[in-house]
Every structure is written in structure tokens, then in C-alpha cells.
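All remarks here apply to the structure that follows.
The values are calculated or read from the model by the stated rules, or taken from the named source; none is laboratory data. Quick caveat: nothing in here was measured; it's all calculated off a predicted structure. Here Cβ is always computed from backbone atoms with ideal geometry, including for glycine, and neighbour counts include all displayed protein chains.
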Amino acid sequence: MLINDLNFEESLSPTISRRSINNRSILKIQSSLCEAAISLHGGHLLQFKPAGEKDIIWLSNKAIYSPEKAIRGGIPVCWPWFGTIGSPSHGFARISPWQLMNWQENEEAIVIKLGLSASEQTKAIWPHEFSATLTFRLSASLKTTLAVTNTGAIPWRWSGALHSYFQIAEATETSITGAGKDYIDSLQSGNKCESTGDLLINQSIDRVYTAPDESIVIHDKGNQRRLSIRNTGSNAAVIWNPWDEISKGMADMDDDGYKRMVCVESTNFADNLESGTLLSPEETHQLTTEISILPQ
């Protein structure tokens, strides 16, 4: 699906329109600052392209738009857990309907807020009261913030991630700096490992970096650019590329899709929900990723 081939529904402002695909509502943003798209299914950013630049966010050509399935690519919201420590995998936020709360526009940025709160459906999966807000600040850079609040009477624990997929020209010509040395390798049964030098994208990678720098940089040689990822409110950065064999087994990904993407994720990682981040009643936690293009 090409993000520009959506069905038009209504204009919300001169720069924001509501569109759809398979009855899934999508906000399309077209301004002098940037072009973007956000699916209300999953609170899922699908596209971000600063004015005069190439797309920064990768979206699968075979992405499936279904209420039961997460969209392949973009920035899925993994919450209230990351990975397979609960069911469904990566939590329910990325397959839940989010509500458009409000939007603001000025010469500096477009800000869009979505909301999700506890319901009978979420409590059937995870029996806690909560309120979650997703804020997208769109300009020459992209800032995505997931704010979660415990609205109940008892503490609960969680983990999660902003699972950002980045568009790159060619994986084998791409390297990553700033992830740090220490990582947990999910492809080696969770072994703790140590790396030296730049991370090269030349094989299947599924790593949880536990002490990343303040800024992680993707060196996208083929596009002649560097992408800066600054994460806050996280305790780790997950870096993932499925490579060839896994990609071939994905119905929602081209067989060679791995060549043009890499994930660098702002993550609150936990081995299980019992060791996740504690949130007391009325307490709020913010998980943020800020993405920008650096000068060459």
C-alpha cells in the first residue's frame, strides 16, 4: 500500500485530513514542514518525511491493515509489555483503537495527541486501570512521546517500546554508533555479550543494548545521511533486522525488505512483567524517541 493512495474522508485543517484503508482511520499530514501519516489503529505512525528530504520511516509494502494485526513498519507502540513476556506479543496497544484527542499547528510544528484508556477489552488481557497518551511533534524532526498513567488504586509493572523502523538505502552499507558495548543477544538464548566498534548491519540482529549513549546514530551511506535517535525514559535500546530467512517467512514483508530497514527502539526492557517498571497510583511515566537528520 502506498501511503498516498488512501481514501479521503474529511479535512480537519488545511494540513491535516482524515483518510482510511480497509475501514482503518488514518491521519494524513501535508505541510511545508513535513509529510506524515498516523494510523488510529495502534496509535501507529506510518510515515515521516521532512520537507525536501527522503522518507525516514520504513513501512512494508505488504503491511496488513486489520484490527487483529499490528502494522509492519512505522513506529508500533509496544505496551504494556515488550516481546513475548505476555500475550499478545508486544502487548495490546499496537492493535487497539486510539482516539484523536486534539491537534495544534503553528509555524514551528504540528502536534497531534492520541489517547487510550482501560476498557473491558484491555482488562480481559491485562487487569489494570490506566490512561495512555501518544504525542507526535512533527517538524523538521520527529518527537514521539508515550505517557502512561496509573489511574487505579494499586501499583502495577510494565515494559514497552517505541519500535521505530528506519528507512535505509542498503543494509550492508549501513552502520550504527552510540548503542554502547553491552547487549543481550536474543539470537543466542539471551546471552550477555560485549561489542567493539561500529555495529554493521550484515546479518540477522536482535539485540537489547543495556547502556546506550544519549544519541544513537544510523549511518545511512546509500542515502548520504545520518539519522540521530535520542531516547529518554528508557533503560535500553533494541536493534533489530530479521535478515533474509526470517523475512521470507513473513507474510507482511517483502522477501528483500530487510535490505531497506533497521529498527532502533526506545525500550523499557524487562525479562518478565514481575521485574518491569513499577508505576504507583496517579504516577506517570514518559517514554520518548526523537529522530532527526544530522548534517553530513
*asked:* Out of the residues in region 43-75 meeting the condition of being in contact with a Gly (Cβ under 6 Å, 6 or more places away or on another chain) and of a type outside the set (A, V, I, L, M, F, W, C), tell me which one is nearest to W240 (Cα to Cα).
replied: S60
*asked:* Please determine whether any residue of region 41-50 is among the hydrophobic types (A, V, I, L, M, F, W, C) and either over 21 Å from R225 (Cβ atoms) or in contact with a helix residue (DSSP H, G or I) (Cβ under 9 Å, 6 or more places away or on another chain) (or both).
replied: no
_Segments classed as strands (runs of 3 or more DSSP E), wholly inside region 185-281, with at least 3 members that are closer than 28 Å to A147 by Cβ and hydroxyl-bearing (S, T, Y)_ = none
*Taking region 57-104 on its own, how many of its residues are touching a Leu at 6+ places or on another chain (Cβ under 7 Å) and of a type in the set (G, A, S)?*
5
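Of everything in region 147-184, what is assigned to a strand (DSSP E or B), among the polar types (S, T, N, Q) and under 17 Å from W243 (Cα atoms)? Give them in sequence order.
Keep residues of region 147-184 that are assigned to a strand (DSSP E or B), which gives 147-150, 156-158, 160-162, 165-167, 174-177, 182-184.
If we keep only those that are among the polar types (S, T, N, Q) as well, we get 149-150, 167, 174-175, 177.
Q167, T174, S175 - these are the residues of region 147-184 that are assigned to a strand (DSSP E or B), among the polar types (S, T, N, Q) and under 17 Å from W243 (Cα atoms).
Evaluate the following for I154: is it farther than 30 Å from S117 by Cα and aliphatic (A, V, I, L, M)?
Considered against the rule, which asks whether it is farther than 30 Å from S117 by Cα and aliphatic (A, V, I, L, M), I154 comes out as no.
Results for (1) surrounded by 17 or more Cβ atoms within 10 Å (Cβ to Cβ); (2) modelled with pLDDT under 95; (3) closer than 23 Å to I229 by Cα, shown as yes or no for each residue.
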| position | (1), (2), (3) |
| --- | --- |
| K123 | no, no, no |
| H128 | yes, no, no |
| S139 | yes, no, yes |
| L146 | yes, no, yes |
| T149 | yes, no, no |
| I154 | no, no, no |
| H163 | yes, no, yes |
_Residues that are surrounded by fewer than 16 Cβ atoms within 10 Å (Cβ to Cβ), among the aliphatic types (A, V, I, L, M) and within 20 Å of K54 (Cβ to Cβ), drawn from region 224-261_ = none
